[in-house]
1. Find, among the GluC sites (Glu not before Pro) in region 96-175, those assigned to loop by DSSP (not H, G, I, E, B) with at most 15 other beta-carbon atoms within 10 angstrom.
2. If each of Gln15 and Asn29 carries a label point 7 Å out from its Cα toward its Cβ, how far apart are those two points in nm?
3. Grab the other residues whose beta carbon is less than 15 angstrom from that of Arg247, score K and R as +1, D and E as -1, and report the net.
4. Specify the inter-centroid distance of region 35-112 and region 128-166, based on alpha-carbon positions, in whole Å.
5. Would you mind telling me which residue in Gln73, Gln153, Gln23 has the biggest mean-square fluctuation in a Gaussian network model of the chain, where springs connect alpha carbons within a distance under 10 angstrom?
6. Under 10 Å, Cα contacts only: if you run a Gaussian network model on the chain, which one of Thr97, Thr160, Thr148 comes out with the highest mean-square fluctuation?
7. Run through region 220-304 and list the trypsin sites (Lys or Arg not before Pro) located in a DSSP loop whose Cβ has at most 15 other Cβ atoms within 10 Å.
8. Could you work out the helix-only [θ] at 222 nm for the chain, with each DSSP H run of four or more residues adding -39,500 (n - 2.57) and the total divided by the number of residues, to the nearest 500 deg cm²/dmol?
Amino acid sequence: MKKHNFSAGPCILPQEVFQEASQAILDYNNSGLSILEISHRSPAFVAVMEEARSLALELLGLKDKGYKALFLQGGASTQFLMVAYNLLEKKAAYLNTGTWSSKAIKEAKLFGEVVEVASSKDENFNYIPKSFTIPEDADYFHCTSNNTIFGTQIKKFPSTAKPLICDMSSDIFSRELDFSKFDLIYAGAQKNMGPAGTTLVVLKEEILGKVSREIPSMMDYQVHIGKDSMFNTPAVYAVYVSLLTLRWIKANGGIKAMEERNEQKADLIYNEIDRNPLFKGFARKEDRSPMNATFNLVDEGHKEIFDKMWKDAGVNGLNGHRSVGGYRASMYNAMPVESVQVVVDLMQELENKA
Ligand SMILES: *Cc1c(COP(=O)(O)O)cnc(C)c1O
């Protein structure tokens, strides 16, 4: 039986993508070759890479606006240091909204001064700080749009003249934003875009070339741009499956349609969390993430029975991250509304039993 998969990442992808991706392993486009055994320099794979880069920009509304898209390796965690390597000359400003922001800050400190403009650590990152000032002399401002672990999301990004850098690993392609406000966006594929192994970086070329240090080739955005994201062997299969997912997003109405369905799913589960006396939400209401809903039992005594109920119902990956406890329902683009309804029904069933 196919499970209802609420895993936070790697995570659910569209069934159609799994089908096509598995076929390509056996025989890619009737070529008599597997996608896994062809050269990354072959016309067949170069076409995959080019379409993936171009479609990413198209879906974000950034085509012909001075942006480049790259599919790199090393995960979003490598972007924590690459951003600073390429852009931090003296001082950078960071908003600390959780574990991933904190890790980005740690890496940036290796390259210069880091000003933490605000932090929500005082309340275990259950909210997004709203008022802060970005220092005049900062080289850039960095934030995390969706906090996968704590279930919070930035709804309104600061207006700043500084380059705006954003880790969108867990909500890219999930909601409409004016993406042209950002100078560099990065996202590990495995949350909302594809399998683990590749990271999308979308950047404005004009922000590069302003630091005085020498940058090793693999860490240098300019090198990757110059080689059309093929400086070394890319993660061919991860890029291919990401392309299939991007095509799926486009065929299903683009980001706008994704956002509508994501809001529907979020309303469904948050309404139940607020209504059901056995549960309480973790994140502050105004900062709640439609991607990752975090919630706890009011009485931990119900844990054993509830855990058995959802596991018996074929629900996977509902356990909360250890730093929050309780539950986390990750509802990325590919998650059907029906799967969220299954969890809501179980919450109601628990209430009726208790
Ligand atoms: C998962 C995650 C990361 C880390 O991604 P890796 O690809 O494992 O390095 C960074 N930022 C956010 C917001 C994440 O959700």
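A short reminder: the numbers here are calculations on the coordinates, not readings from a lab. Keep in mind that this is a model prediction, so the values were computed, not measured. Heads up, the Cβs are rebuilt from the backbone with ideal geometry, glycines too, and the neighbour counts pull from every protein chain shown.
1. Those that pass, being in a loop and sparsely packed, are Glu136.
2. Once both label points are built, they end up 2.8 nm from each other.
3. My count for the surroundings of Arg247 gives -3.
4. After rounding, the separation between the Cα centres reads 17 Å.
5. So, out of Gln73, Gln153, Gln23, the one fluctuating most is Gln23.
6. Answer for the Gaussian network model of the chain: Thr160.
7. Lys227, Arg284
8. On the way: 9 runs with 123 residues, N = 354.
The helix contribution divided over the chain gives -11000 deg cm²/dmol.
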